[in-house]
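This report concerns only the one structure given below.
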Amino acid sequence: MRNYLILLTAVVSFTGFTPLAAKTSIITIARHNNLITVTGKITETATGLPLAAATVGLNGKWLTQADINGKYSVVVNDTATLVFTYQGYVPQTIKLKPGQTILNIGLAKDGKALNEVVIRGYVKRNRDQTTGASYIITGKEVQDHPVGNVGQLLQGKATGQNTGNNFFGAAGNRSSVNVRGLSYNSNVRSDYAYQAPGTESYSHISENQFEDPATTPLSTFAVDVDGASYANIRRFINNGQLPPKNAVRIEEMINYFKYDLPTPKGGAPVAIQTELSTAPWNPQHQLVRIGLKAKEVKLDKLPPSNLVFLLDVSGSMDMTNKLPLVKTSMKMLVDQLRPIDNVAIVVYAGQAGVKLESTPASQKEKIKTVIDQLYASGGTAGGAGIITAYQIARQNFIKGGNNRIILATDGDFNVGPSSNKDMVQLIEDERGSNVSLSILGFGMGNYKDSKMELMADKGHGNYAYIDNITEATKSMVNEFGGTLFTVAKDVKMQVEFNPAKVQSYRLLGYEDRLMAKEDFNNDKKTAGDMGVGHTVTALYEIIPAGIKDGFSTSVDPLKYQKPDKKANANNTSSEVMTIKFRYKEPDGDISKMESVVVADKPLDLKKTSDDFKFAVAVAEYGLLLRDSQFKQNANFEQLITMAKKAKGNDEDGYRAEFIRLAESTKNMMKTTEVTAVNYQK
């Protein structure tokens, strides 16, 4: 046990890594009588900017993270010594002074090169090949770390592979940890071992290719307002590890942020805006930004809600960043509800059960008490929980209201119907119920992103990943209306490109939202929904006609038909594209369509809106994270500079957080070896 705690100290000291295990964040301090609450703010020394998600530790154990404004609060003994860390910054170790309850900290950037020590549970592989348990400890001096007997811990040459289920092995199993040619054998109890992220799953992404508008003039897709991918990527980066490529969904990264788009006029639920400019990663290419904005509706004008909280209380949720965070998040949501709203609570572990029948939201304390009494144990009968939740939602259905299930889980179903196919079938069977299903994802290690993204798509709901209390506040409080109340459903977009102006085009992201061109006019085909105040951004990269490039492909001339060259020669239109989008009213079955054209009048990149530049910077970051075949001359210095200039009115600090995240990622990618887990579907 002693050696395990010493190794965690090394991790915190060199990386700011946050080991969120079942026991490590629960600090035993009940034996002390002099408990105090210490609050403060963690900032960057040079700029004074807050360091969101900076960690606060005690005795090598994680206590909390700073919120979006850099603020933190911990309960500790009045003689405690706290450790403050952040990826790429020099840690600070501060012993509390007598009576001290406010402690503001400034962290300076670490000027040393980020060499790395890689601890793996299995064999050495590169970023694409790595599977199973692995994470990175940054800092080449780990072996000589002065704390305790870390030198002894890391002595010797690598002789074996991890044979346990947890990072240091399951209870009673002897396992070895390989540290860049060094190894250590341990019999650490499994309940104190950090379970490395070895069983997370992500659907495979095949990037959209460049298309020839002469043969493929139409691009059709369903809108996506989710931001789960960005929050999940942030979790990986803040934990000192690059995300797996399939976790990087560029459209969700872009749509995590708010954009200042014009509100709809004349009672329409959705408005559209476009911009055309240069692609920073290839000045010969152009980018078209398509922005959709849903109407704002005052809270007192929103319809009543019939909500069912479907909460995973299985054994896998027994971690501090899972069920405790779920409970806090749901209580935040309860505080936003009105007396006309109703809440029921369904839970599932080895089996499903109703913990609270549908109850008026005016009885907030009753609802919160039920939430507080939940604890985690047993298997994960997620399928049974979904069936029960839909039954409760139908029994209390409000005609013309917001009927919605909110599922909070890590997605790791293992009892009864559990496969992706099973989940899709369960949800599709309920398609006619007019009950939406929104997903809140929690945790790490066994996280099933592939399952939850698919379920939210099929269930006409949102999908968010909540990794800390700041993200819970964003989803449950700041974006309450958009999270729960739909103003336009089955929103589809179809873009027709003019081959006289466009040689090739490519949609950035939305790979899992592509639709057949015939589906655009088919009202039986479901698509994405937009909630109150939601914005959606889509980016197309365009190769203008006449530009030489390495992406356009050629085929042999057809034998039985010839292209109509005369038709193209007569095309003198100045339009680059025509954009059509369809949507239905929340309680409607017949769609409405609107359209807009984009003229061949590109703006200089410097003259585009802050929103255009910032969205493009986020997209460029996604291309680099994916190591995309289309990244061309994308680079971190360029996107960081552009994002800084386009930060604009960043009241919530989310854009500033992105800039810090990009800077941390740039430093991580300077390492000689980069590790990430290649999670499969």
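Considering segment 75-112, the residues that are within 20 Å of Met668 (Cα to Cα) and more than 28 Å from the chain's Cα centre (by Cα) include one that is surrounded by the fewest Cβ atoms within 10 Å (Cβ to Cβ), namely Gly111.
For segment 634-654, the candidate set comprises residues that are modelled with pLDDT of 95 or more and charged (D, E, K, R); within that set, the residue that is surrounded by the fewest Cβ atoms within 10 Å (Cβ to Cβ) is Glu637.
Taken over segment 199-237, the residue count meeting the criterion of being assigned to a loop (DSSP other than H, G, I, E, B), of a type outside the set (A, V, I, L, M) and under 24 Å from Thr526 (Cβ atoms) is 9. I need the full set of residues from segment 501-539 which are in contact with a helix residue (DSSP H, G or I) (Cβ under 6 Å, 6 or more places away or on another chain) and of a type outside the set (S, T, N, Q), in order please. The answer is Leu508, Gly509, Tyr510, Lys525, Gly531, Val532, Gly533, His534, Leu539. Within segment 43-97, the set of residues being over 21 Å from Lys644 (Cβ atoms), outside any strand (DSSP E or B) and modelled with pLDDT of 85 or more comprises Asp78, Thr79, Ala80, Val90, Pro91, Leu96, Lys97.
A count restricted to segment 462-475 and to residues that are hydrophobic (A, V, I, L, M, F, W, C), buried (at least 23 other Cβ atoms within 10 Å of the Cβ) and within 19 Å of Ala66 (Cβ to Cβ) stands at 1.
Tell me whether segment 403-416 contains one or more residues that are under 23 Å from the mean Cα position of the chain (by Cα) and free of Cβ contacts under 8 Å to residues at least 40 places away in the same chain. Full working, then the answer.
So in segment 403-416, the residues under 23 Å from the mean Cα position of the chain (by Cα) come out as 404-413.
Pick out the ones that are also free of Cβ contacts under 8 Å to residues at least 40 places away in the same chain and you get 413.
Yes, some residue in segment 403-416 is under 23 Å from the mean Cα position of the chain (by Cα) and free of Cβ contacts under 8 Å to residues at least 40 places away in the same chain.
Being within 20 Å of Phe551 (Cα to Cα) and among the aliphatic types (A, V, I, L, M) is the filter; apply it to segment 496-521 and report the residue that is farthest from the chain's Cα centre (by Cα). So the residue we want is Ala500. Listed here are the helices (runs of 4 or more DSSP H) enclosed by segment 425-500 that have at least 2 residues being farther than 26 Å from Glu585 by Cβ and not hydroxyl-bearing (Ser, Thr, Tyr): 449-458, 469-473. Selection of segment 295-313 for residues being under 21 Å from Val536 (Cα atoms) and either in contact with a Pro (Cβ under 6 Å, 6 or more places away or on another chain) or of a type in the set (Lys, Arg) (or both) yields Lys295, Lys298. Total residues in segment 58-78 satisfying the condition of being in contact with a Phe, Trp or Tyr (Cβ under 8 Å, 6 or more places away or on another chain), under 20 Å from Lys109 (Cα atoms) and of a type outside the set (A, V, I, L, M): the figure is 1. Exactly one residue among Thr553, Thr526 is farther than 30 Å from Gly588 by Cα, modelled with pLDDT under 95 and hydroxyl-bearing (Ser, Thr, Tyr), and that residue is Thr553.
State the number of residues belonging to segment 603-633 that are of a type in the set (S, T, N, Q), surrounded by 15 or more Cβ atoms within 10 Å (Cβ to Cβ) and in contact with a strand residue (DSSP E or B) (Cβ under 8 Å, 6 or more places away or on another chain).
Adding up the residues that qualify gives 3.
Each residue in segment 262-281 was checked for being outside any loop (DSSP other than H, G, I, E, B) and farther than 15 Å from Val297 by Cα, and 8 of them qualify. Of the residues in segment 395-405, at least one is under 23 Å from Arg513 (Cα atoms) and at pLDDT 85 or above.
For segment 352-380, a residue qualifies if it is part of a loop (DSSP other than H, G, I, E, B), among the hydroxyl-bearing types (Ser, Thr, Tyr) and in contact with a helix residue (DSSP H, G or I) (Cβ under 7 Å, 6 or more places away or on another chain), and the qualifying residues are Ser377, Thr380. Taking each residue of segment 533-549 that is farther than 30 Å from Lys474 by Cα and acidic (Asp, Glu) and looking for partners that are part of a strand (DSSP E or B) and at pLDDT 95 or above with beta-carbon atoms closer than 6 Å, six or more apart or interchain, yields Glu541/Ala279; Glu541/His285; Glu541/Leu287; Glu541/Arg506; Asp549/Ile543. Exactly one residue out of Lys613, Lys647, Lys631 is touching a residue at least 24 places away in the same chain (Cβ under 8 Å), in contact with a helix residue (DSSP H, G or I) (Cβ under 7 Å, 6 or more places away or on another chain) and outside the structural domain of Leu507 (by TED's automatic domain parsing), and it is Lys647.
Yes or no: Leu7 at pLDDT 80 or above and surrounded by 18 or more Cβ atoms within 10 Å (Cβ to Cβ)? No. Please verify whether segment 420-428 includes one or more residues that are within 28 Å of Thr388 (Cβ to Cβ) and under 20 Å from the mean Cα position of the chain (by Cα). Yes, segment 420-428 contains at least one residue that is within 28 Å of Thr388 (Cβ to Cβ) and under 20 Å from the mean Cα position of the chain (by Cα). Can you confirm whether Tyr259 is outside any strand (DSSP E or B) and surrounded by 22 or more Cβ atoms within 10 Å (Cβ to Cβ)? Against the criterion (outside any strand (DSSP E or B) and surrounded by 22 or more Cβ atoms within 10 Å (Cβ to Cβ)), Tyr259 does not qualify.
Among the candidates Lys399, Lys355, Lys421, which residue alone is surrounded by fewer than 22 Cβ atoms within 10 Å (Cβ to Cβ) and over 30 Å from Asp490 (Cα atoms)? None of the others qualify; the one that does is Lys355.
Can you tell me how many residues in segment 200-221 are surrounded by fewer than 22 Cβ atoms within 10 Å (Cβ to Cβ) and within 18 Å of Tyr463 (Cβ to Cβ)? So the count comes out to 4.
Name the pairs: first residue in segment 423-448 and assigned by TED's automatic domain parsing to the domain that holds Ala393, second residue part of a loop (DSSP other than H, G, I, E, B) and polar (S, T, N, Q), Cβ to Cβ under 6 Å, at least 6 apart or on different chains? Qualifying pairs under 6 Å: Ser438/Asn462; Gly443/Asn321; Gly445/Gln195; Asn446/Thr199.
The values are calculated or read from the model by the stated rules, or taken from the named source; none is laboratory data. All values reported here derive from a predicted model rather than from experimental measurement. Methodologically, a virtual Cβ is constructed for each residue, glycine included, from the backbone with ideal geometry; neighbour enumeration extends over all protein chains shown.
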